[in-house]
1. In whole Hz, with x marking every Gly and Pro, tabulate ³J(HN,Hα) for region B:250-258 from phi via Karplus 6.51 cos²θ - 1.76 cosθ + 1.60, θ = phi - 60°.
2. Partner chain Cβ atoms within 10 Å, averaged over the residues of B:3-16 - can you pull that number for me?
3. Can you tell me the FRET efficiency between A:ILE46 and A:GLU164 if r is taken as the Cβ-Cβ distance and R0 is 56 Å, rounded to the nearest 0.05?
4. If I take R0 = 22 Å and measure r between the Cβ atoms of B:LYS204 and B:ASN134 in this structure, what FRET efficiency does the formula 1/(1 + (r/R0)^6) give, to the nearest 0.05?
5. Under the Karplus relation 6.51 cos²θ - 1.76 cosθ + 1.60, θ = phi - 60°, what is the ordered set of whole-Hz ³J(HN,Hα) values for region A:143-148, x standing for Gly and Pro?
6. When the Karplus curve 6.51 cos²θ - 1.76 cosθ + 1.60 is applied with θ = phi - 60°, which whole-Hz ³J(HN,Hα) does each residue of region B:30-42 get, with x for Gly and Pro?
7. Distance in nm between label sites at A:ARG154 and B:VAL258, each 7 Å beyond Cα in the beta-carbon direction?
8. Which whole number gives the average, over all residues in B:23-35, of C-beta atoms from other chains lying within 10 Å of the residue C-beta?
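The values are calculated or read from the model by the stated rules, or taken from the named source; none is laboratory data. Only a predicted model underlies this, so the values are computations on that prediction, with no experimental measurement involved. Cβ placement follows ideal geometry from the backbone for every residue including glycine, while neighbour counts extend to all protein chains displayed. These area figures cover heavy atoms from the full protein model, side chains too; ligands, DNA and RNA do not enter into them. Shrake-Rupley method; radii C 1.70, N 1.55, O 1.52, S 1.80 Å.
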Amino acid sequence: MDYVSDRQPSIQSELQALLPRLHNFAAALTGTRHASLDLTRAVCHIVLTRAHREKGQTQLSLWALTEMHTLWMTRIAARVKPRREDPAEPELFYGAFEANNGGPATAQLAKFIAHLPAQQRGALTLVYGLGLSYDEAAEVYGVHVSTIMTRLVRCHKALSRWMEHRGLGAAPDAAPSIQHPVRRVYAHDYEEQAA
Amino acid sequence: MTRLSDELLLAYVDGQLDRPQAGAVAQLARDDYDIASRVKRLQETQGRLMESFSAILRTHQAQPLNTVIRLDDAPESHGFFGLNIMHIIAAALAAILAIGYFSMGGEDSAPSLKVAERLSDAPAASTWQSEVANLHSFISRDTLSSPEQGQTNRDVIAVQLSRFVRRAKPVALPDFSKHGLTLNRGQVMNYQGQRFMQLAYIGKEEQPVALYIMAGGADARMADLAKSDVRTVSWASGGVSFVLAGFLPQDAIRALAVVAQNQIGN
């Protein structure tokens, strides 16, 4: 595939198609609609002005997502007083309600996602929302793959606790559907006795 | 009981392991109750997360973003005040020539030649290859010992390298083990907005040797360059530029460059 710099004429249409994905990641990072639109707009500007000299990437989406993360980090670093992250707007994650048919217990899922740290929310979005591989997500964040894996595991553990608390998931000690040797031996013994 | 990390199990559940690794984990999950239980819980949370995040993406796709973010507002061309950089360079050169022409007395003299001579006498702009040699002079064994910097996973480095040399499949990393050097790390760096990759090799005692790879550049034969104690060999092939740099004699660097050239296959 050609590098981004070699596809200058089609960049605008490619970017147009990418907008929802970019905005999705921006929402995960910033947590507010206003800031996510602002970040998406700024990244579109960067992509359109720098595409002619981008020689390191063949995938526009990966490059744009990487630029978005870099810009977001730069803006955080530029804040006069480092402060705690503002809570995210759960409305941005209302899609989660629809996915679970708006059930009473799952109505809290959007809040759960909104309360995750931005970096974890972003990693979840990249992997489960945008379908990136761990390697690609690590490239976007500029970190080792192991860092992405750790972030994802933390999210899974937090969600597992959240589900258990609401009686939505299997209890940790419930019998798994995958058969294990002990169960197979018991079944075998039972058949022998019955015969 | 086999103890597997949550990270490995999650990579298995998310389908991120290659086939032999996934097969091994699946076998362990069949044989070990604890692992099976942990896999099942991860599958449950994975299902809910995938459902939720794909639904969130669908809601973003349904929004009329085109009206909020107008790509037409962004400058269509790049460069200063929307001018193409080549136009700026051409205008600057024309201005220099015109100034030179008129200051030398117009058509009666031959100012163009003198301007051209002056331009040729000016020091050549530093190239990426010479900058890399400068960069390499700052690298030592100590700087490579920091595990926080760069990628040490050979598979990930191979994938990154394949992107730089425009191959769909991972590229075999140059192997200098027969020459006493092993791959220490791969790192993506920036030079004036363009990315390049550094593959650093280290021996038992020697200072590091590194192969620098950047996309672009017309095909060029091997050329030697020395900057202080750093010796380099640069070449370009198949639209990719390479520089091999190290604190070794020029012949040794050239021999390693031949090895790298053959192994990468460009």
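1. The phi angles translate into 4, 5, 5, 5, 5, 5, 5, 5, 5 Hz.
2. Mean shielding by partner chains, rounded to a whole number: 4.
3. E between A:ILE46 and A:GLU164, to the nearest 0.05, is 0.85.
4. It comes out at approximately 0.25.
5. Result, ordered by residue: 10, 6, 4, 4, 5, 4 Hz.
6. 6, 8, 10, 4, 4, 5, 4, 5, 5, 5, 5, 5, 5
7. Distance between label points: 5.2 nm.
8. Average per residue, whole number: 2.
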